[in-house]
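Heads up: the structure comes next, in structure tokens.
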Amino acid sequence: MSVATPTPKSGILDITPYVGGKSAGTGTGKVVKLSSNETPFGASPKAKDVLKDLADSLHLYPDGGSSALLAAIGEIHGLDPQSLICGNGSDELLSLLTNAYAGPGDEVLFCEHGFLVYELAALANGATPVKAPEKNLTTDVDALLAAVTDKTKIVFLANPNNPTGTYIPFSEVERLQAGLRSDILLVLDAAYAEYVTKSDYEAGISLVERSENVVMTRTFSKIYGLSALRVGWAFGPQAVIDVLHRIRGPFNVNAIAQAAAVEAVRDQEFVQKAREHNDKWLPILTQSLRGLGLDVTDSVGNFVLMNFKDTGKSAADAEAFLSARGLVLRSVASYGLPDSLRMSIGLDEDNRAVIEALREFLEQ
């Protein structure tokens, strides 16, 4: 006789758990981790300094509303803190948005090579993930609009996109929003916005300000170098922000993360240093890897996507070759890109080491 056991909600067992970039190589020497799009400069010294003062207050609960951090973000970006919310990384906010606005019978729409968390969040809430085809590894607004049905509740748009590094101009983002029903929530995931220097790009603040169905999410995990502390934020209509506050955990951002993020967001000089390094190396890496015969997608983020399909060698073999030398890149097979690897931009010597190692690999 069978015994009934607890059963998870529909969709949860369809989830393939998210696997981040590897941290260790297969060799025995120094490891250079270029698999998770982390900044090579670490966190702002000002953010590090503030942590030293918190040792005697670890027994105290954090500010549940992250009020000081919301004020600092509002100060830097010129935003009303009442229209902001912080989360345990922007991942939490993406999940909360899905939890609040999509469920069984609903559809969550995103691009075919979009961030894996979108699909995970949809399935965890019993909603159906729907992928729209891209054009040259770039968001196709027409394809997204064509995929909208009467069941669509959320459209996630990563701009720039990870892992491709591509983006669409702000005019295309506006066209997408204009083509959606007013009851569909458009979520602009701008995790890499600080790296973009294109004149036709905007993270989405102005669109949120004049819309009732647009939310923008940002993160402290990339250019701010606070990945270990998990801090993200969102800007949206106050009605949406109110909903998120109702369902978030009461102390969802820890005190250390809040204190460090306040200093990090105010240290824009440090951010500019990281941006300038990225501006220097993005074209160098792109041209150097193309010179080796690799197909490299134009990127505006702090990473490049390289394709090995026309080299006669596999991405998996390249990953193993690099890993044995302590150079850890990201396989993106789980994104439907089995012939490619993603490389975060590192320090000068690390970038040069990858170029030379790939040269050796491709010539052998």
Honestly segment 302-364 on the Cα gyration tensor test (a ≥ b ≥ c root eigenvalues; a/c under 1.5 rounded, otherwise a/b vs b/c for prolate or oblate) is just oblate
Is the shape of segment 94-222 best called rounded, prolate or oblate, per the rule: a/c under 1.5 gives rounded, else a/b larger than b/c gives prolate, else oblate, with a ≥ b ≥ c the square roots of the Cα gyration tensor eigenvalues? rounded
Nitroxide proxy distance, nm - points 7 Å out along Cα→Cβ at Asp142 and Gln287: 3.4
Give me the percent of the accessible area of segment 178-304 that comes from carbon and sulfur atoms, probe 1.4 Å, all protein chains in place. 49
What aspartates and glutamates could a cross-link reach from Lys135, if we take a straight Cα to Cα line under 14 Å and drop same-chain neighbours fewer than 8 places away? Glu112, Glu172, Asp298
Difference of contour (0.36 nm per residue) and Cα-Cα distance, Ser67 to Glu356: 99.3 nm
Where in segment 299-341 does the label zone of Glu363 land, with the point 7 angstrom along Cα→C-beta and an amide N cut-off under 16 Å? none
Top of Ala274, Ala121, Ala146 by mean-square fluctuation, Gaussian network on the chain, Cα under 10 Å: Ala146
Using 7 Å Cα-to-Cβ label points, what is the Ile15/Ala324 separation (nm, one decimal)? 3.7
If I stretch the segment between Glu349 and Ser171 completely, what's the gain in nm (0.36 nm per residue apart, minus their alpha carbon distance), one decimal? 60.3 nm
Could you pull out every one of the lysines with an alpha carbon less than 17 Å from that of Lys153, ignoring same-chain neighbours closer than 8 positions? Lys131
Total formal charge among the other residues, if their Cβ is under 13 angstrom from that of Lys153, Lys/Arg +1 and Asp/Glu -1: -2
For the chain, with only Lys/Arg (+1) and Asp/Glu (-1) charged at the beta-carbon, what is the dipole magnitude about the Cα centre, in debye rounded to 20? 600
What's the center-to-center distance, using Cα atoms, between segment 254-295 and segment 78-108 in Å? 25
Given pairs Lys280/Lys313; Lys52/Lys280; Lys198/Lys222; Lys48/Lys273; Lys33/Lys273 and cut-off 22 Å on Cα-Cα distance, the over-length ones are Lys280/Lys313; Lys52/Lys280
Hey, of [x] 61, 58, 51; [y] 60, 50, 43; [z] 59, 42, 41, which did the structure itself give for Cα extents along the principal axes in Å when calculated? [x]
Lysines whose Cα lies under 18 Å from that of Lys30, excluding same-chain neighbours fewer than 8 positions away: Lys22
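The values are calculated or read from the model by the stated rules, or taken from the named source; none is laboratory data. Keep in mind it's a predicted model, so treat the numbers as computed, not measured. Using ideal geometry, Cβ is built from the backbone for each residue, glycine included, and neighbour counts are taken over all protein chains shown. Each accessible area value is taken on the protein alone, full model and side chains, heavy atoms only, with ligands, DNA and RNA left out. Shrake-Rupley method; radii C 1.70, N 1.55, O 1.52, S 1.80 Å.
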